[in-house]
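Peer 1: Quick one: structure below, then a few questions.
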Amino acid sequence: MHRAPFFTPTPAWVGDTIPFVHEDVLHVYYLHHQREAPGQGTSWHLVTTTDLVTWEDHGEVLPHGTAAEEDLNCYTGSIVTDEDGLHHLFSTAQNPAFTAPDGRPLQRVAHATSTDLLHWTKHPEHTFSAPEGYDPADFRDPFVHRPDPHGPWEMLLAARHATGPERRRGTVGRLTSTDLHTWEPAPPLWDPQRFLTQECPEVFRIGQWWYLVYSEFTDAFVTRYRMSRSPEGPWHAPRYDSLDGRSFYAAKSAQWRGRRIFAGWIATREGRRDDGPWQWAGTLSLLEAVPREDGTLDLRLPPEVLAQDTVTVNPGLEPVVLEATTGYSSAVGRTELPSRATIRADLALDPDGRAGGLLLRTDAEGEHGYVLRLEPRAGRMVLDRWPRTITGTEQWQISGDVPHLLELERPADLSAPHHRLDLVLEDDLLVAILDERVALSTRLYDHPTGRLGVFAEDASLSLTALHVTTA
């Protein structure tokens, strides 16, 4: 058994996830990424949970094909159950040896069935390519659902038009079927002429709202969502339309016991260093989406995850008031945090101040380590670190013009004074949640140990309550 919210299949990594719920069990299928064995093929593996706290690892459940078969790589897809109780799996079949006319690998849709969700029978006779008008090398991530229980099945795909501006051909393609075997082209669900592609699309309903979730890398690597009163659209973007930041990617969801649970992967960085380039795949992590009155989604850690660490830790940091309206002030705990810790901090921060927040894995002076900084004037939460990259021997040869770790900022409404921060730290992983609304997930490599502290910068801040636990 493994402990949620994180799961890593050592020595491999978790790629795109396919969450599915059956009989109150959350199944998270994922692309098993063998970073050290490129070209060996990608299969689907499975972990399950009944409580969002412990994972059971079932290993490989959908083997990839041979080097001579189209599904050498079994990429992202979805699972549905028909009226007779038979489970249907749809995946992306890709093999670099099978190419489109321009030489790029073909992407095709493959089909498999199962009676137990563990053993799958492939149906290669059902495999099909992109219809005319779509790019045959960009036709992936089939998501099958039935928006009308009396209507046909729909398959949504991360597709691209065969012609048009190179950067704006991405579309959420759509096919329909009455038997889950044969599929007919239908108009795209969403064709914004805006992105390179919209990966891992999915649609679901909560109450009177329909949600279209997708991941894009045109403007930023991020999972976004849109909203509509109808499964046909139009699909409007809320003011805050992202689920998390750069490192939590390709997130998809399932309804578990009436709750919407997202599964995605927290990316690793090359060289296991904070300024290393992001890599594809990483560690499975969970978030829960909770709708607000206006239908927009708040993202939080499931309460079960926050409650699983039960051993109280004394960080040596007491409630404190920092008055730093014209400067900087900090307070640092006396003891180091354990490598695994759950932290809840209640703060009061001047809504007109510049910044305040937590120091993570910092030294006794609060100088070297990480900074989870709330910036009311900018309306955001960011993750910073010190020291930043040093480019030479002179005092000024430091990345002082980098305001925080690149791509690790989250828009946030900080107009009210009182805030709650929930954090889960485990080795090099961090998930931080602000006010049970805003999520920031990432890796922490350069400072593996350190203390907990608070700070204020051109602001007043009060730490009113602090609770730290470990396993």
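Peer 1: Consider residue 151 carefully, then state whether it is on the phi > 0 side of the Ramachandran plot, part of a loop (DSSP other than H, G, I, E, B) and not acidic (Asp, Glu).
Peer 2: no
Peer 1: Can you run down the residue pairs with Cβ atoms below 8 Å, 6 or more apart or on separate chains, where the first is in the stretch 374-386 and farther than 17 Å from residue 363 by Cα and free of Cβ contacts under 8 Å to residues at least 60 places away in the same chain and the partner is outside any strand (DSSP E or B) and of a type in the set (Lys, Arg)?
Peer 2: Taking only residues 6 or more apart or on different chains, the pairs are 375/354; 377/354.
Peer 1: If you check residue 307 against the conditions, is it touching a residue at least 60 places away in the same chain (Cβ under 8 Å), among the small types (Gly, Ala, Ser) and out of contact with any helix residue (DSSP H, G or I) (no Cβ under 6 Å at 6 or more places or on another chain)?
Peer 2: No, not satisfied.
Peer 1: Report yes if some residue within the stretch 41-51 is open to solvent by less than 60 Å² (accessible area, probe 1.4 Å), over 26 Å from residue 183 (Cβ atoms) and assigned to a loop (DSSP other than H, G, I, E, B); otherwise report no.
Peer 2: Within the stretch 41-51 (the criterion being open to solvent by less than 60 Å² (accessible area, probe 1.4 Å), over 26 Å from residue 183 (Cβ atoms) and assigned to a loop (DSSP other than H, G, I, E, B)), the answer is yes, since at least one residue qualifies.
Peer 1: Answer yes if at least one residue in the stretch 282-294 is on the phi > 0 side of the Ramachandran plot, surrounded by 19 or more Cβ atoms within 10 Å (Cβ to Cβ) and either β-branched (Val, Ile, Thr) or in contact with a His (Cβ under 8 Å, 6 or more places away or on another chain) (or both), and no otherwise.
Peer 2: Taking every residue of the stretch 282-294 in turn, none turns out to be on the phi > 0 side of the Ramachandran plot, surrounded by 19 or more Cβ atoms within 10 Å (Cβ to Cβ) and either β-branched (Val, Ile, Thr) or in contact with a His (Cβ under 8 Å, 6 or more places away or on another chain) (or both).
Peer 1: What's the total number of residues in the stretch 141-190 that are farther than 21 Å from residue 92 by Cα and of a type in the set (D, E, K, R)?
Peer 2: 4
Peer 1: Another question about this same structure. From 222, 203, 172, grab the single residue that is under 15 Å from the mean Cα position of the chain (by Cα), under 30 Å from residue 278 (Cα atoms), surrounded by 19 or more Cβ atoms within 10 Å (Cβ to Cβ) and modelled with pLDDT of 95 or more.
Peer 2: 222
Peer 1: Output the number of the condition that residue 306 fails; it satisfies all remaining conditions of (1) open to solvent by less than 50 Å² (accessible area, probe 1.4 Å); (2) not in a helix (DSSP H, G or I).
Peer 2: Residue 306 satisfies all of (1) open to solvent by less than 50 Å² (accessible area, probe 1.4 Å); (2) not in a helix (DSSP H, G or I) except (2).
Peer 1: Report yes if residue 318 is on the phi < 0 side of the Ramachandran plot, modelled with pLDDT of 95 or more, in a loop (DSSP other than H, G, I, E, B) and acidic (Asp, Glu), otherwise no.
Peer 2: For residue 318, the condition - on the phi < 0 side of the Ramachandran plot, modelled with pLDDT of 95 or more, in a loop (DSSP other than H, G, I, E, B) and acidic (Asp, Glu) - is met.
Peer 1: Considering only the stretch 316-337, I want to know if a residue exists there that is more than 25 Å from residue 378 (Cα to Cα), touching a residue at least 12 places away in the same chain (Cβ under 8 Å), hydrophobic (A, V, I, L, M, F, W, C) and open to solvent by less than 20 Å² (accessible area, probe 1.4 Å).
Peer 2: yes
Peer 1: Do you know which residues across the stretch 361-387 are assigned to a strand (DSSP E or B) and of a type outside the set (A, V, I, L, M)?
Peer 2: Within the stretch 361-387, 361, 362, 369, 370, 373, 375, 380, 384, 385, 386 meet the criteria.
Peer 1: Which one of these is open to solvent by 10 Å² or more (accessible area, probe 1.4 Å) and either among the hydrophobic types (A, V, I, L, M, F, W, C) or within 14 Å of the chain's Cα centre (by Cα) (or both): 259, 246, 272?
Peer 2: 246
Peer 1: What residue, among those in the stretch 112-122 that are open to solvent by less than 40 Å² (accessible area, probe 1.4 Å) and touching a His at 6+ places or on another chain (Cβ under 7 Å), is nearest to residue 22 (Cα to Cα)?
Peer 2: It comes out as 117.
Peer 1: Any idea which of 260, 226 is within 24 Å of residue 79 (Cα to Cα), free of Cβ contacts under 8 Å to residues at least 40 places away in the same chain and in a strand (DSSP E or B)?
Peer 2: 226
Peer 1: Just checking, which of 120, 183 is aromatic (Phe, Trp, Tyr) and within 25 Å of residue 101 (Cα to Cα)?
Peer 2: Only one candidate qualifies: 183.
Peer 1: Has the stretch 15-37 got any residue that is under 26 Å from residue 427 (Cα atoms), open to solvent by 10 Å² or more (accessible area, probe 1.4 Å) and of a type in the set (S, T, N, Q)?
Peer 2: There is at least one residue in the stretch 15-37 that is under 26 Å from residue 427 (Cα atoms), open to solvent by 10 Å² or more (accessible area, probe 1.4 Å) and of a type in the set (S, T, N, Q).
Peer 1: In the stretch 205-215, is there at least one residue being farther than 22 Å from residue 79 by Cβ and free of Cβ contacts under 8 Å to residues at least 12 places away in the same chain?
Peer 2: Taking every residue of the stretch 205-215 in turn, none turns out to be farther than 22 Å from residue 79 by Cβ and free of Cβ contacts under 8 Å to residues at least 12 places away in the same chain.
Peer 1: List every residue pair whose Cβ atoms lie under 7 Å apart, where the two residues are 6 or more positions apart in sequence or sit on different chains, the first residue falls within the stretch 168-180 and is under 20 Å from residue 135 (Cβ atoms) and touching a residue at least 12 places away in the same chain (Cβ under 8 Å), and the second residue, located anywhere, is open to solvent by 10 Å² or more (accessible area, probe 1.4 Å) and assigned to a loop (DSSP other than H, G, I, E, B).
Peer 2: Pairs that qualify, where the first residue is under 20 Å from residue 135 (Cβ atoms) and touching a residue at least 12 places away in the same chain (Cβ under 8 Å) and the partner is open to solvent by 10 Å² or more (accessible area, probe 1.4 Å) and assigned to a loop (DSSP other than H, G, I, E, B), are 168/193; 168/194; 170/196; 171/191; 175/183.
Peer 1: Being open to solvent by 40 Å² or more (accessible area, probe 1.4 Å), more than 22 Å from residue 16 (Cα to Cα) and in contact with a strand residue (DSSP E or B) (Cβ under 7 Å, 6 or more places away or on another chain) narrows it down to one of 191, 148, so name that one.
Peer 2: Answer to the selection: 191.
Peer 1: Criterion first (part of a strand (DSSP E or B), at negative phi and of a type in the set (A, V, I, L, M)) does residue 405 satisfy it?
Peer 2: Against the criterion (part of a strand (DSSP E or B), at negative phi and of a type in the set (A, V, I, L, M)), residue 405 does not qualify.
The values are calculated or read from the model by the stated rules, or taken from the named source; none is laboratory data. Quick caveat, the model's predicted, so the values are computed rather than measured. All Cβ positions, glycine included, derive from the backbone under ideal geometry; neighbour counts span all protein chains shown. Heavy atoms of the whole protein, side chains included, go into the accessibility calculation; ligands, DNA and RNA do not. Shrake-Rupley method; radii C 1.70, N 1.55, O 1.52, S 1.80 Å.
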